[in-house]
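For reference, the structure is listed below as structure tokens.
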Amino acid sequence: MKVVIIGGVAGGATAAARIRRLDEKAEIIILERSGFVSYANCGLPYYIGGLIKDEHELTLQTPETLWSRYRIEVRTLHEAVSIDREKKEVAIKKLETDEEYRESYDKLILAPGAVPIIPDIPGINDSRIYTLRTIEDALHIKNGVDYNDIMSAVVIGGGFIGLEAAENLWSLGIHITLVDAADQVLPQFDRDMAGFVHSHLKENGFDLRLNRTVSGFESVEEGIIVNLDNGDVIETDMVLMAIGITPESGLAKAAGLELGGRGAIKVNRHMQTSDPDIYAVGDAVEIKSFVTGKRTSVPLAGPANKQGRIAADNIAGYDSRYKGASGTSIIKIYDLTAASTGLNEKWAKELDIPYEKVILSPPSHAAYYPGAHLMTMKVLFNINTWKIIGAQVIGYDGVDKRIDVLAAVMQSGGDIVTLKDIDLAYAPPFSSAKDPINMVGYISENVLTGKVKLFYCEDIAKLKDREDIQRIDVRTEEEHSSGKIDGFDRLIPIDELRDRINELDIEKPVYIVCQSGLRSYIASRILAQEGFDCYSFAGGYRFYECFRKDRFDKEGQLDCGVYI
Ligand code: FAD
């Protein structure tokens, strides 16, 4: 059997190695347009920042190692230019000589990835505007930074690639202006959670321009001018364009293969396209979200690797099926970690999924053991099925393990209350005897069994002037005087609540706030058992203050403090 693979990185290289492990006799050829194979795209930002010093560390394999270990023939600087499905041949261009030739296949795997989106705006072809996808791109940016006097950069797009590249440019002493058309960075997070990232970026000296689009660029002697839609003009030394990616599905389209939404290649669970002899994997394909059951794109390395293996299994004659993805992802932003899985509130609303949420700020490990940091967790679940539909965790330490546990439980279909029973590893340096994951289970059980009713940041504006309710803050006087939630002037510290309960009117609902949500929950239980109708504020003052401050001022600048 002869297998030709177009694209030799995450999906393509994985498929090639797996086919060899299953079939010693197969002829395997990888066609790769760039000069490198099996390289670490995810490491490219860190090469630019100098954390990864040697470019060779970015290549996990070379054509020579793939040949000697696996007898896989890799042809770099070879671009597949068309597919003849009738003859089962690929037309290929050797990029060094422009010579064209054809290669036959029994099975073809498409793993061409996705291309950065380049907007069609004036001045876009300026040589100081970069994108980041391949090793060549990273070398190009690094050369630009090393051999020019780069003092400032404008990064356009606050997704993963934009933020990681921005942080690494910043680490070289370059001043960063980050522009994004949305009112937040990292669209997989809700706006209230993204506020923590905004404040962290600002704390590290970023000039954040959100809700702004770039209308064009102008070349000037000293650099490049970036024009924004509101008339702002930013003069800078370089621009990194990271406004998103689009599946590289041109070859598939021209060959008449079925495409889905946003032009991604349609595949079945075996990663087979509409042509049974052609498989497709990675960023170029449309797959099923196991949270919603709908077709979507999840352009991440984990899914690409898994899909490559599954395509290989099927080609080698084994029945292997892709189960879908939930988009679990994580990013380091300086010392902050932000991770998410599944749906956020925006997406759940768009899909009309009835959900409830819990928000908490537990310490990363036992608070008495040095080095504990608060993290903020937001977990969404379907109110009818109780199944977890998404989670967002932001903090400094232990964020990765919490998001992975949540993703695993979500994928296995466990409901949110099962989190209280999960038996997790505990010792003071790592966790608490009640791990934050267990806490999510306890809180959601309290919510679902009616032991506590929650209210949220978005309710504050509606509650603050109502006379038919009572609003109390149960923190200490010192905490209250250093900052309070709008409308929550009345202070009854939690430890005085039982003695001062007569000050409250049992006829009126009581809305209770505290610092993190714990004391307001305790107050709720005290009052509920005395017959009060009461509501506890999810996330506490700490969460509210980040939400409140992360607003735009009159000039459209973000006004966000630092609250983690
Ligand atoms: P790719 O790995 O992109 O490989 C596609 C290859 O196909 C390319 O090398 C391209 O040159 C080649 N090709 C395309 N068309 C042709 C053709 N016609 N002929 C020959 N060759 C062709 N994901 C994460 O999960 N975590 C991260 O931290 C993360 N960080 C990232 C950082 C950066 C800077 C980038 C760019 C991506 C990052 N990703 C990350 C995304 C991840 O790298 C991709 O999801 C994954 O590599 C997709 O694998 P793929 O095989 O589909 O495509």
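Using a cut-off of 20 Å between alpha-carbon atoms, which lysines can reach K87, once sequence neighbours fewer than 8 places away in the same chain are excluded?
Counting by Cα, and skipping residues close in sequence, K87 has these lysines nearby: K2, K107, K253.
For region 439-482, what mean projected area does the convex hull of the alpha carbons give, in nm²? Could the numbers behind the result be given before it?
On the way: hull surface 19.1 nm².
Answer in nm², one decimal: 4.8.
Can you work out the FRET efficiency for the pair S104 and E136, with r the C-beta to C-beta distance and R0 = 30 Å, to the nearest 0.05?
Numbers: r = 29 Å, r/R0 = 0.98.
So the FRET efficiency works out to roughly 0.55.
Angle, helix 518-529 long axis vs. longest principal axis of the chain, Cα atoms, 0 to 90°, nearest 10?
That helix lies at roughly 50 degrees to the long axis.
Can you tally the net charge around F217? Count Lys and Arg as +1, Asp and Glu as -1, for every other residue whose Cβ sits under 13 Å from the Cβ of F217. Show your work: numbers first, answer last.
Numbers: positive: R128; negative: D120, D126, E218, E235, D237.
Taking every other residue near F217 into account, the sum is -4.
If only Cα atoms are counted, what is the Rg of region 329-444, and what is its Dmax, in Å?
Expressed in Å, the Cα Rg and Dmax of region 329-444 come to 13.7, 44.
Just in region 388-467: which GluC sites (Glu not before Pro) are loop by DSSP and have at most 10 other Cβ atoms within 10 Å? Don't skip to the end; give the middle numbers.
Numbers: sites: E445, E458, E467; in loops: E467.
Answer by residue number: E467.
By average Cβ neighbour count within 10 Å, what is the ranking of 361-374, 146-159, 51-64 from highest down? Write out the running numbers ahead of the final one.
Numbers: 361-374: 17.0, 146-159: 18.6, 51-64: 14.1.
Taking the mean over residues of other Cβ atoms within 10 Å, the ranking is 146-159, 361-374, 51-64.
Hey, rough spin-label estimate for D421 and Y318, points 7 angstrom out along Cα→Cβ, what's it come to in nanometres?
Label at D421, label at Y318, 3.3 nm between them.
Helix 399-411 sits at what angle to the longest principal axis of the chain, using alpha carbons and giving 0 to 90 degrees rounded to 10?
Once rounded, the angle reads 80 degrees.
Per DSSP helix of 4 or more residues, -39500 (n - 2.57); summed, then divided by the residues of the chain. What does that give at 222 nm, rounded to the nearest 500?
On the way: 15 runs with 149 residues, N = 564.
One gets -7500 deg cm²/dmol as the mean residue ellipticity at 222 nm.
Mean separation of Cα pairs under 8 Å and 6+ residues apart, divided by the residue count of region 424-504: what relative contact order is that in percent? Walk me through the intermediate numbers first.
Values: 48 pairs, mean separation 16.4, N = 81.
Taking the mean separation of contacting Cα pairs over the length of region 424-504, I get 20 percent.
Provide the packing ranking of 312-324, 245-257, 491-503, i.e. peptides ordered by the mean count of other C-beta atoms within 10 Å per residue, highest first.
Details: 312-324: 17.4, 245-257: 19.0, 491-503: 13.9.
Packing proxy ranking, top to bottom: 245-257, 312-324, 491-503.
Before anything else, pin down the relative contact order of region 402-551: Cα pairs under 8 Å, at least 6 apart, normalised by residue count, whole percent. Let's see the in-between values first.
On the way: 206 pairs, mean separation 31.2, N = 150.
Relative contact order, region 402-551: 21 percent.
Note down the nm distance, to one decimal, between modelled labels 7 Å out along Cα→Cβ at L172 and at E218.
A separation of 2.7 nm, rounded to one decimal place.
Evaluate the Debye formula for the chain with equal point scatterers sitting on the alpha carbons, no solvent, and hand back log10 of I(q)/I(0) at q = 0.09, 0.10, 0.11 Å⁻¹, in q order, two decimals.
Calculated log10 I(q)/I(0) at the listed q: -0.77, -0.93, -1.07.
How large is ³J(HN,Hα) for each residue in region 341-355, as worked out from phi by the Karplus curve 6.51 cos²θ - 1.76 cosθ + 1.60 (θ = phi - 60°), to whole Hz, x for Gly and Pro?
3J(HN,Hα) across region 341-355, in whole Hz: 8, x, 8, 9, 5, 4, 6, 4, 5, 4, 8, 6, 8, x, 9.
Rounded to the nearest 20 debye, what is the charge dipole size of region 347-503 about its Cα centre when +1 sits on each Lys and Arg Cβ and -1 on each Asp and Glu Cβ? Write down the numbers at each step before the final one.
Working: 19 positive and 26 negative charges, 59 e Å.
Dipole about the Cα centre, nearest 20: 280 debye.
Return the carbon/sulfur percentage of the accessible area of region 80-205, one whole number, probe 1.4 Å, all protein chains in place.
Its accessible area is 48 percent carbon and sulfur atoms.
Solvent-accessible area of V291, probe 1.4 Å, all protein chains present, reported in Å² to the nearest ten, please.
Roughly 40 Å² of V291 is accessible to a 1.4 Å probe.
Could you list the residues of region 54-89 with an amide nitrogen less than 14 Å from a label point located 7 Å from the Cα of N268 in the Cα-to-C-beta direction?
none
Quick one: Kirkwood hydrodynamic radius for region 185-301, alpha-carbon pairs, angstrom, one decimal? Spell out each step's value before the answer.
Details: mean 1/r = 0.0563 Å⁻¹.
Over region 185-301, the inverse of the mean reciprocal pair distance is 17.8 Å.
Order the peptides 259-266, 476-483, 535-542 from the highest to the lowest mean number of other Cβ atoms within 10 Å of their residues.
535-542, 259-266, 476-483
Multiplying the sequence separation of K549 and T62 by 0.36 nm and subtracting their Cα-Cα distance, what value in nm do you get? It would help to have the intermediate numbers written out before the result.
On the way: separation 487, 0.36 × 487 = 175.32 nm, distance 4.99 nm.
Result for the pair: 170.3 nm of gain on full extension.
Hey, could you grab the Kirkwood Rh for region 415-564? Inverse mean 1/r over distinct alpha carbon pairs, Å, one decimal. Show your work: numbers first, answer last.
Values: mean 1/r = 0.0596 Å⁻¹.
Kirkwood hydrodynamic radius for region 415-564: 16.8 Å.
How many nm separate the modelled label positions at S412 and E86, each set 7 Å beyond the Cα in the direction of the Cβ?
5.3
Count charges around I331 for me, please; just the other residues with Cβ under 11 Å from its Cβ, Lys/Arg as +1, Asp/Glu as -1. Don't skip to the end; give the middle numbers.
Values: positive: K332; negative: E164, E167, D400.
Around I331, the charge tally is -2.
Compute the relative contact order of the chain as a whole-number percentage, counting only Cα pairs closer than 8 Å that sit 6 or more residues apart in sequence. Walk me through the numbers on the way to the answer.
Values: 1234 pairs, mean separation 62.2, N = 564.
Reported relative contact order: 11 percent.
Give me the angle, in degrees from 0 to 90, between the Cα long axis of helix 301-315 and the longest principal axis of the Cα atoms of the chain, rounded to the nearest 10.
The two axes meet at around 50 degrees.
The values are calculated or read from the model by the stated rules, or taken from the named source; none is laboratory data. Given the structure is predicted, the values throughout are model-derived calculations rather than measurements. Ideal geometry is used to build each Cβ from the backbone, glycine not excepted, and the neighbour counts take in all protein chains shown. These accessible areas exclude ligands, DNA and RNA; they are computed on the full protein's heavy atoms, side chains included. Shrake-Rupley method; radii C 1.70, N 1.55, O 1.52, S 1.80 Å.
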